[in-house]
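Below you'll find the structure, written out as C-alpha cells, and then a few comments.
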Amino acid sequence: MSPHRLIPQDSDDKIFLTGATSHAKENGFVDGIHDQDSDKAIHENMYEPPIKATDDHLVEFSEAMRTVAKALRRAAEAKAAAQVEAAEWKRKYELERASNLRNSHEGATFEGSLCNSGEGRLNNSCDVTKVDNPSIEQSERCCRKHGICSHEILQDEATNTNYKFAGRKVTRKASFRLSWGCNGYNSGQQKHEVVSFERGDITTAERSSKQILLKWETHPQTVLILTKPNSNSVRILCAEMVRWLKNHKKIDVFVEPRVRTELSKEASCFEFVQTWENDEEIKHLHSKVDLVVTLGGDGTVLWAASLFKGPVPPLVPFSLGSLGFMTPFQSENYRDCLDMILKGPFSITLRHRLQCHVIREAAKDELDTEEPILVLNEVTIDRGMSSYLTFLECYCDSSFVTCVQGDGLILSTTSGSTAYSLAAGGSMVHPQVPGILFTPICPHSLSFRPLIFPEYVTLRVQVPFNSRGHAWASFDGKGRKQLAPGDALICSMATWPVPTACLVDSTNDFLRSIHEGLHWNLRKSQSFDGPRDG
Ligand SMILES: NC(=O)c1ccc[n+]([C@@H]2O[C@H](COP(=O)([O-])OP(=O)(O)OC[C@H]3O[C@@H](n4cnc5c(N)ncnc54)[C@H](O)[C@@H]3O)[C@@H](O)[C@H]2O)c1
Ligand SMILES: Nc1ncnc2c1ncn2[C@@H]1O[C@H](COP(=O)(O)OP(=O)(O)OP(=O)(O)O)[C@@H](O)[C@H]1O
C-alpha cells in the first residue's frame, strides 16, 4: 500500500505518516489526497520543511504541564507540612488534655509511666505526668542525679484510699520500676541516647535499647483477663485462672462484661469478679489494673491493646491460638508463669504503636480530624472492593515520598513486621527497633521496594483528587474507614507503647517466634561427605 499524506482533522499543521487510509481515519485523520496523487504527494513531502510548528507546540505544552505539576506538588508539600504540624499540635494538645484529665480524675489513685532523662518520645510521657507530688519530685531528682530510669507514681486527692469503679471497691495500683540492662537484674542502667556528644566528638558509645526489666515496687493486686470469644478451652481456662488468682494469690480480677456474664452463669462463686459498664469506664481501666492477661492468639493481644487508648499496663499473653507470634506463654504452665510475673522482675518488650488520624477533605481545618486510632500491628490503605489500582500520594514530614499505584500500602510497626507487612514483602524487624515500615501491596512497578522510616517522622497518605476510586483504611485488620479523593491519613509513632512480658527476653522470644511460627530459613543441612576445599 502506498504511503499517504494525512492532514489532522482540526489542524492546519501537516503531518506526514505512513499507513493505511482506514487506519488513519480511525485515528482521527482524513485522507487529504487521492490515491492517484500519491507519487506527487511523496515528492512534495520530500521537499517540505519538517513538522516544526507541531513540535514547538508539543514542547511548549509539555513544559507548561511540567510547571503545573511542580506547582501542584509544591502546594501538596506545603499542605503536608501544615497537616503534619497540625497533627503534632493536636497530639500535644491531647497529651496535655489527658494529663489534665488525669490530674482532675477523682477516682485514680496510682498510675505508672515511663520516665527518661534523654530526649524523645518516652520523655513526653515524663512531661505530661508531672504533677505536684513529692514522689514525682523524688523520681525526677533521681533521674537527674543518677540517670536511673524509674517508674513514676501519680497521686491525687484520693491518695491511699480505696475508690469505687462500676459500683465496686478497687484497691490501689501497684507501682513498679523499669531498668535497662544487658547482664541480669543488677544492671540498672539508664537508657542513653544512641548518639552522644563528648568533648566535641560524636560517639555511639552507648547503645539505646537494651533489654528492659520490670520490677514491682509494691505487690500487684488487680489483674484484667481478656479472652478470645467462642472458645471452650479458653472459657474453661479463664474460669480456672480466675479461681486460682483469687484463692491462691488474693488478686482482684477484672474481665469483660461478656465474660462476667458467662462466669456468673457458671457459678455463684464468681460474684467477686469485676467488670465495667460503659466506654467511659474503659478509659480509666489502665489506672485500675496492674497486669493484663490475654488468653487467645495474636488477635487477642491486638484486641487488648485496642482497649487502651492511653497508657497500657504490662500484658502477659498466653497462647491459645494457632500461630501465637506475640503470645510466648504456654497456658498449661499458667500457674508457674503467673507466679514468676507477679513476683517479678521480668523482661518486657516495649512494643511501639502507631497513632493514625483521618483528615477528611471536608474538614474545616487541619485540627478537625476524627478520633485518633492506635494500632499495634499496622494501618493498611487498600483498594477495598474497587477494581481500580489504588492511587496514593505519600509524604514523610513535608517531603514527597512516592505515589503508590497498586493494591495498597501498609504502614506497620516493627511488631507488625511479621504480620501483613511480611506477607507483602516487607522485612522482619526486631520489635524493639523503633521505626515505621512502609510496605506497598502488589505495587504495579518493578522498582518499588519497601522502606523503613525512623520513629520520629510523621507520614501522610493522601488520596489525590484524580484517583479513580476510593481507598479503604483498616486498623490492625479491623474497623475499615473509606477514604474519598481529597481525604488523608496521618500516621506517627504513638506516645503509649504496649509492654508485653517476655518468656525469656525480647530477642530470644522474637527469634523463637520466627523459627517456630514461620519456620524461618528452614533447610536441610548440607551433607559432610560432599566435595571439600584443598
Ligand atoms: N496477607 C496477610 O498476611 C494478612 C492479611 C490480612 C491481615 N493480616 C494480619 O492479621 C492481623 C489481624 O490479626 P487477627 O488475629 O485479628 O486476624 P486473623 O484471625 O485473620 O489472623 C491473622 C493471622 O496473622 C497473625 N498475626 C497477627 N499479628 C501478628 C504479628 N504481629 N506477627 C505475626 N503474626 C501475626 C495471627 O496469628 C493470625 O495467624 C492484621 O493486623 C494483619 O497484620 C495478614
Ligand atoms: N476479647 C475479645 N473480644 C472481641 N474479639 C476478640 C477478643 N479477643 C480476640 N478477639 C478477636 O477474635 C479473633 C480471633 O482471635 P485470635 O487471633 O486471638 O485467635 P486465633 O485466630 O485462634 O489465633 P491465631 O491468630 O493465633 O490463629 C480476632 O479477630 C480477634 O480480634
Note on region 313-324: residues part of a loop (DSSP other than H, G, I, E, B), touching a helix residue (DSSP H, G or I) at 6+ places or on another chain (Cβ under 7 Å) and under 13 Å from V293 (Cβ atoms) are P313, L320
Residue check, G426 crowded, with 20+ Cβ neighbours inside 10 Å and outside any strand (DSSP E or B)
yes
Could you please find all residues in region 210-249 being touching a residue at least 12 places away in the same chain (Cβ under 8 Å) and either part of a loop (DSSP other than H, G, I, E, B) or not assigned by the TED database to the domain that holds N508 (or both)?
K210, Q211, E217, T218, H219, P220, Q221, K228, P229, S231
Residue match in region 238-257 (condition: surrounded by fewer than 18 Cβ atoms within 10 Å (Cβ to Cβ), touching a helix residue (DSSP H, G or I) at 6+ places or on another chain (Cβ under 9 Å) and modelled with pLDDT under 95)
no
Looking at region 498-516, is at least one residue in contact (Cβ under 8 Å) with a residue 60 or more places away in the chain and closer than 30 Å to Y395 by Cα?
yes
Would region 326-342 turn up any residue that is of a type in the set (F, W, Y), more than 16 Å from ligand 1 (Cβ to nearest atom), assigned by the TED database to the domain that holds A80 and part of a strand (DSSP E or B)?
no
Check whether at least one residue in region 266-282 is within 25 Å of G344 (Cβ to Cβ), in the same structural domain as K343 (by the TED database), touching a residue at least 40 places away in the same chain (Cβ under 8 Å) and more than 16 Å from ligand 1 (Cβ to nearest atom), and report yes or no.
yes
When only residues in region 385-423 that are open to solvent by 40 Å² or more (accessible area, probe 1.4 Å) and within 16 Å of ligand 2 (Cβ to nearest atom) count, which is nearest to A484 (Cα to Cα)?
Y420
Across region 375-409, what is the number of residues that are within 15 Å of ligand 1 (Cβ to nearest atom) and over 9 Å from the mean Cα position of the chain (by Cα)?
9
List pairs: first in region 54-79 and touching a residue at least 40 places away in the same chain (Cβ under 8 Å), second part of a helix (DSSP H, G or I) and open to solvent by less than 80 Å² (accessible area, probe 1.4 Å), Cβ under 6 Å, 6+ apart or cross-chain?
none
Could you run through region 321-340 and say how many residues are of a type in the set (A, V, I, L, M) and surrounded by 22 or more Cβ atoms within 10 Å (Cβ to Cβ)?
2
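The values are calculated or read from the model by the stated rules, or taken from the named source; none is laboratory data. Values in this document were obtained by computation on a predicted structure and should not be read as measured data. Using ideal geometry, Cβ is built from the backbone for each residue, glycine included, and neighbour counts are taken over all protein chains shown. Heavy atoms of the whole protein, side chains included, go into the accessibility calculation; ligands, DNA and RNA do not. Shrake-Rupley method; radii C 1.70, N 1.55, O 1.52, S 1.80 Å.
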